[in-house]
Amino acid sequence: MTTYRHERFVGAAVEAALAQTWPALDIVISDDGSDDRTFECVAELAAQYRGPHRLVLSRQGSNRGASHNLMETMRLTEAPFLVLTHGDDISAPERVQRVAETWLATGASLIAHQATSGPEPTNARPIAPVELPSGPISLVELSRTSWTPRMLGASFSFERRIFTEFGPLDRARLPRGGDHVLPTRAALLGGFYYLAEQLMFWRRHAGQMTQTTADFGGSPASHVETWKAYDINALLYRLEEVRAFAGRHGSTAEIAEAERTLVATLMRSTREWSEARTVLEGAGHALEFVAPRRAPAMTEIKREVHA
Amino acid sequence: MNLEVLLLDDRSEEQLFVDLERLAAYPAIPVQVWIPSRDEGLGERVARYCAGNTRFEVFAHGGARRGQRLAHAAGRARGDLLLALPEGATLDPRGLSELARVPRATRFLAAAPRAASAPLVGRFGLMEMLVEMLGPALHGASFAVAPAALNELGQRRPAGVLNPAEELYKLSALELAPYFPERSIGREWALGTPLVTPSSDSIDVERASAWRLQELVALARVAEHWDTSEHGQRYRAERLQQLGAAHVAALRVWLDSRNPHVRAGLAPTWLAPRAEAPARSEPRGPLPSAGPSAGPSMPRADPSIGSTR
């Protein structure tokens, strides 16, 4: 579990992790230098816990980013298969059980699953269309699209080798996200599998990283331009990883087809981006990079209230 | 080869006279000056300035689109190659001195990329040109096109091609199989030194690289109209592969200019123009070049276009 500024939500996340039905887990919780009480909340719950799972807590000295924190988390366990969760989400009790059973049955290197989403669990809705069945998604099929709801990063469980084979995500080339990239890595290894079972609640809130990927509050064209830029970045990163993998291990007919498909998908996405950009530039709008409006930490809210 | 300069785009009176003064230093180069017909006073002042100098011709346009002006300018051309001089740009004597060795059959002329380590001189094809464009920008302002080619292209521009697509559109349309299957690549000619010195180099890397990418997107749309004959299919497959490679390379250049901002924690945001700032009539990017800019909806000849002389 990775956490950052999750003081308001982390209690529910940790309790859900501790309540997993799988007999004995290593539960590693790493906080990314939160400046609120996130880590204290985790530590209090851990101190009270009496159960079958082994807990490992870690706290980064400073905020280094989600990707770095994930790598730190993985450093603290030797398990070959990891179920990812975040401090603002809530896993269903059977989540690890179902994912682990699927891994053992399919050998897939990464498993994603259905989730519900909303500000609170009480009014959450499914993310992926409910009619989508469980099943493997091939490398070529993945290459036909950018992100889809079956690629929700918060639901990922994966073999360690998707990082040992490819390395950590290069944030100079992919500053945000990994949802698009990790399934492609998995498809090159043991496979990517989508499990159509609702196994977690993915919380939407102002402070989550997803909110910084695009201009969600802007005009439709601004939203498309920024979202497509994010999307294209991930597509290109996937293409580069596929090519690098082929360079290391040799290409196959499937890899070659995936390469061609990714280039076509990239060109299609770039066209959509270009149309939005032409609209914006034609109207005299200018691209700027500004500090995002981040949600204040609970300690800041309290300080403000007292003032 | 003889060059003819077009002052096609509207500009301030002060800038227009600065540009005319500069052009006066080149007595062998004919010049067409296009003035909005609503600005009669300016038209008269320019006509007075040019009086007695047959090198300068002054025309009025009633707000006609740039492509229309260009088509009319091509119809009146006296030079072998037309160059639309952007506002504030100046001709480069070094480039002009090389015109003498350009072959007569040349229909398209371009200067080498400004930052090219070794200037490209001679004939080369579309894809070589594309590759060069992806690093140091090949400046659209340096493109000079034969009047006949301009007319030809104005009639053949496929539907749905967006601006900014002109430079690559011209390159592709001059070469591509569907229109000229019998012609080989290599009718273009590149100069090792610029024909013009750009007036502004303030385009930041993100915008410049985004512009190139938009051009490639437009070229991909042109590719949809490529020849589907057996001959064309082979040509098409080869070119599409090259186009994909150029596209991927351009994407990396663009993203490498954008990612450091995002990595620094900044969010991309499109800001509306300030109320006091005049809205731009065209997207920013490399300076405009000579070329057909009107789309398929280009109206018939505008009766408001005519000589003031």
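Residues in segment A:130-184 that are of a type in the set (Phe, Trp, Tyr) and within 23 Å of A:Ala256 (Cβ to Cβ): A:Phe166 only. Considering only segment B:49-57, I want to know if a residue exists there that is under 29 Å from B:Arg107 (Cβ atoms), among the hydroxyl-bearing types (Ser, Thr, Tyr) and either at pLDDT below 90 or in contact with a Cys (Cβ under 7 Å, 6 or more places away or on another chain) (or both). Yes, there is a match, as at least one residue in segment B:49-57 is under 29 Å from B:Arg107 (Cβ atoms), among the hydroxyl-bearing types (Ser, Thr, Tyr) and either at pLDDT below 90 or in contact with a Cys (Cβ under 7 Å, 6 or more places away or on another chain) (or both).
When A:Ala115, A:Ala186 are checked against the criterion of being over 15 Å from A:Tyr237 (Cα atoms) and surrounded by 15 or more Cβ atoms within 10 Å (Cβ to Cβ), a single residue qualifies: A:Ala115. Scan segment A:178-229 for residues that are of a type in the set (Asp, Glu), within 14 Å of another protein chain (Cβ to nearest Cβ) and under 21 Å from A:Ser117 (Cα atoms) and the total you get is 1. The single residue among A:Asp26, A:Asp36, A:Asp31 that is surrounded by fewer than 17 Cβ atoms within 10 Å (Cβ to Cβ) and within 27 Å of A:Thr116 (Cα to Cα) turns out to be A:Asp26. When restricted to residues that are crowded, with 16+ Cβ neighbours inside 10 Å, touching a Ser or Thr at 6+ places or on another chain (Cβ under 8 Å) and farther than 17 Å from B:Pro30 by Cβ, segment B:62-87 contains 6. Counting the residues of segment A:4-19 that are modelled with pLDDT of 95 or more, touching a Ser or Thr at 6+ places or on another chain (Cβ under 7 Å) and not hydrophobic (A, V, I, L, M, F, W, C) gives 0. Beta carbons closer than 8 Å, at least 6 apart along the sequence or on distinct chains, pair a first residue in segment B:255-281 that is more than 7 Å from every other protein chain (Cβ to nearest Cβ) and over 19 Å from A:Ser222 (Cβ atoms) with a second that is modelled with pLDDT of 85 or more and surrounded by fewer than 15 Cβ atoms within 10 Å (Cβ to Cβ) for B:Pro260/A:Ala172. As a summary of the residue check, A:Ala286 satisfies the conditions (1) more than 9 Å from every other protein chain (Cβ to nearest Cβ); (2) modelled with pLDDT under 90 except for the one numbered (1). Among the residues of segment A:180-229, the ones that are under 12 Å from A:Phe156 (Cβ atoms) and either hydrophobic (A, V, I, L, M, F, W, C) or part of a loop (DSSP other than H, G, I, E, B) (or both) come to 9 in all. Taking A:Arg271 as meeting all but one of (1) in contact with a strand residue (DSSP E or B) (Cβ under 6 Å, 6 or more places away or on another chain); (2) free of Cβ contacts under 8 Å to residues at least 24 places away in the same chain; (3) crowded, with 16+ Cβ neighbours inside 10 Å, write down the number of the exception. Failed condition: (1).
The values are calculated or read from the model by the stated rules, or taken from the named source; none is laboratory data. These numbers come from a predicted model, not from an experiment. A quick note on method: Cβ atoms are made from the backbone with ideal geometry, for glycine too, and the neighbour counts reach across all protein chains shown.
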